[in-house]
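The structure appears right after this line, and notes come after that.
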Amino acid sequence: MKWPKWNHARISQQTLGLILVLTFFFAVDDMLMVVLMQQFEVIDMHGWLYYFTYALLFLGSLAIALLVVKALQRHPVTGLEGLQGASGEVVRRTSKGYQVEIDGEIWQAVCHQDLSAGDAVRVESVDGLNLTVRKEAVDATPN
């Protein structure tokens, strides 16, 4: 059997490991909860009801683990990291480059292309409070 190349897969090895570890810890926690509930006679389960309850708690824990991993993989939406890939519009040309408006804020930007006021741009990188932008391609097809 040939294993997939994880660096080209949708889920990285680190993400898969995190899912497995979280699921394991949640499963152990659920198992202990069911055992303690039986020990202290909170519930009296035998046979299929015991396994059904454990399976239900395990699947719920797996869902929580997947939600945690999904939240950890989200792109930041605030701060300088949130600017990466954001789109905006050129306000005016300055002696140091351009001023661009992104999400209602004016930023100092540089671009290796010639821009004019009103051009749509996308942030390529952030260096302190200066942005490096590129001109966005204009869709020529009519609506």
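Summary of computed values
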item	result
Net lengthening on full extension, Leu62/Gln38 (0.36 nm per residue, minus Cα-Cα)	6.3 nm
Additional length obtainable on full extension of the chain from Ala120 to Thr94, 0.36 nm per residue less Cα span	7.7 nm
Efficiency of FRET from Cβ geometry, Asp29 and Phe52, R₀ 22 Å, rounded to 0.05	0.80
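Computed from the coordinates by the stated procedures, all read-outs in this text should not be read as laboratory data. On a predicted model such as this, the values are computed, not experimentally measured, just so you know. Note: ideal-geometry Cβ built from the backbone for every residue, glycine included; neighbour counts use all protein chains shown.
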